[in-house]
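As structure tokens, the structure follows; a few thoughts come after it.
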Amino acid sequence: MFRLSRLLRQVDKRTAGRTSNTPMKQLAAPVVIWNLTKACNLSCLHCYSSSYAGKFEGELSHDDAIRVVDDLKAANVKHLILSGGEPLLRPDLPDIARHAAQSGMSVTLSTNGVLINESSAKTIVEAGFDYIGISIDGSRKIHDLFRGATGAFDKSVRAIKLLRDSGVKTGIRFTVTDFNFDTVPDVISLAEELKVDKLYLSHLVYSGRGDENRGKDVTHEQTRRLMENVFTKAQEYVTNSADMEIVTGNNDTDRAFLLLWLQEKDPAKADWLHERMKITGGNSAGIGVANIDSQGVVHPDPLIQYVDLGNVKDAPFGDIWNSTKNEFLNELRKRPRTIKGRCGECRFLNVCGGNNRERALRIAGDFWASDPACYLTDKEIGIEIAQTA
């Protein structure tokens, strides 16, 4: 996740918790994204887990889930995101969330919001969630088509209002595709109208049904136009001290593009930010992000679910995550990563971390190939300069 608004505020104030002389720990406890169930009441075009309505055998039991929360606490995990499928289809969701919150974790809920009404909103609030992100995919018509359910848009917006009015931080999650690209201004306007705390704009990842529909991804030129507008909007919010945060996800090219965008406006700020970005290093799959799927299998992140690091039914999460025996995970944790092609030659490799490995695998057939969704030119990433030097 690229916390755009936070970085722009830091740039304006030149404030930061760490400097390049105080490196980040390689194996600090990750943010854990936990897919509590694969079952879902919708069938969205971009679903990375290919979820659908139905019962899935082998999912973690209630007792398993409570024990996993205890294991996460023992592993010093501070941030837990409960997702799905649709996590509200698990009757024990409030109990799991409450136990995690009481254990000292910050707990987030990722939901489509369709199942939230006055009663369930009250239950969710009482469970102790710190933040709830609800997916909106465009205008009413586009959203309902995208989600495959008439009336889904109105139910999701209603859920946002109910939770917001109950005092819980809320946000809109939006995945950009060619199908809904033109509705981005509508979604931003909706976020402003609803006074949500956060707007999360995700690039499409070719995983699950997202891979089946990768032909609906936006072009590089569209992505550049989108991000220029998003940067401008985020800077506007920061300048005007607006409360709403803008974050982006699943394309770490955004980090490098922000540096280029800022370089044209204030080179000193761009240089300062570049040093800050070197600390975090971009894509954090296998380092700052971990995933537990509904069967209990631990993965480097939710988009790399074919890589099995171990199962929380068999061993505590901390033992699985901190193991140095998995060669794939060791490679993923290298800084810099050994990336091939233009990504490997890029002058921003220490900023983006090689971007999204799943897209590289799906298009090139090689997990360590370049990410095809990088929207910068060869000249911008320094390849032409390197070739002529």
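The values are calculated or read from the model by the stated rules, or taken from the named source; none is laboratory data. This is a predicted model, so every value here is computed, not measured. Cβ: placed from backbone, ideal geometry, glycine included. Neighbour counts: every protein chain shown. These accessible areas exclude ligands, DNA and RNA; they are computed on the full protein's heavy atoms, side chains included. Shrake-Rupley method; radii C 1.70, N 1.55, O 1.52, S 1.80 Å.
Evaluate the following for Arg224: is it over 26 Å from Lys13 (Cα atoms), charged (D, E, K, R), touching a residue at least 24 places away in the same chain (Cβ under 8 Å) and assigned to a helix (DSSP H, G or I)?
Numbers: over 26 Å from Lys13 (Cα atoms): yes; charged (D, E, K, R): yes; touching a residue at least 24 places away in the same chain (Cβ under 8 Å): yes; assigned to a helix (DSSP H, G or I): yes.
The answer is yes for Arg224.
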Which pairs have Cβ atoms under 6 Å, sit 6 or more apart or on different chains, and link a residue in the stretch 184-199 that is more than 21 Å from Glu228 (Cα to Cα) to one that is of a type in the set (Gly, Ala, Ser) and surrounded by 18 or more Cβ atoms within 10 Å (Cβ to Cβ)? Val196/Gly171; Asp197/Gly171
May I ask you to say which residue of Leu36, Leu42 is touching a Lys or Arg at 6+ places or on another chain (Cβ under 6 Å), open to solvent by less than 50 Å² (accessible area, probe 1.4 Å) and modelled with pLDDT of 90 or more? Leu36
Residue check for Leu194: within 30 Å of Ala101 (Cα to Cα), open to solvent by less than 30 Å² (accessible area, probe 1.4 Å), modelled with pLDDT of 95 or more and not β-branched (Val, Ile, Thr): yes
Being under 16 Å from Pro91 (Cβ atoms) and open to solvent by 30 Å² or more (accessible area, probe 1.4 Å) is the filter here, so list the residues in the stretch 109-119 that pass it. Leu115, Asn117, Ser119
Restricting the stretch 258-300 to residues that are free of Cβ contacts under 8 Å to residues at least 24 places away in the same chain and among the hydrophobic types (A, V, I, L, M, F, W, C), the one surrounded by the fewest Cβ atoms within 10 Å (Cβ to Cβ) turns out to be Ala268
Could you name every one of the helices (runs of 4 or more DSSP H) located completely within the stretch 54-159 that has at least 2 residues being of a type in the set (Asp, Glu)? 62-74, 118-127
The stretch 142-177 - residue that is without any contact (Cβ under 8 Å) to a residue 12 or more places away in the chain and of a type in the set (D, E, K, R) and, of those, least open to solvent (accessible area, probe 1.4 Å): Asp144
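Is it true that Ser139 is among the polar types (S, T, N, Q), in contact with a helix residue (DSSP H, G or I) (Cβ under 7 Å, 6 or more places away or on another chain) and modelled with pLDDT of 95 or more? Give the derivation first.
Values: among the polar types (S, T, N, Q): yes; in contact with a helix residue (DSSP H, G or I) (Cβ under 7 Å, 6 or more places away or on another chain): yes; modelled with pLDDT of 95 or more: no.
For Ser139, the condition - among the polar types (S, T, N, Q), in contact with a helix residue (DSSP H, G or I) (Cβ under 7 Å, 6 or more places away or on another chain) and modelled with pLDDT of 95 or more - is not met.
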Scan of the stretch 334-352 for residues that are surrounded by fewer than 16 Cβ atoms within 10 Å (Cβ to Cβ) and of a type in the set (Val, Ile, Thr), ordered by number: Thr338
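Suppose we keep only residues that are without any contact (Cβ under 8 Å) to a residue 40 or more places away in the chain and open to solvent by less than 30 Å² (accessible area, probe 1.4 Å) within the stretch 130-141. Which one would you say is nearest to Ile33 (Cα to Cα)? Write out each step before concluding.
In the first step, residues of the stretch 130-141 are kept if they are without any contact (Cβ under 8 Å) to a residue 40 or more places away in the chain; the result is 130, 132, 134, 140-141.
Filter again for open to solvent by less than 30 Å² (accessible area, probe 1.4 Å), leaving 132, 134.
Details: Ile132: 13, Ile134: 15 Å.
Applying the filter and picking the extreme gives Ile132.
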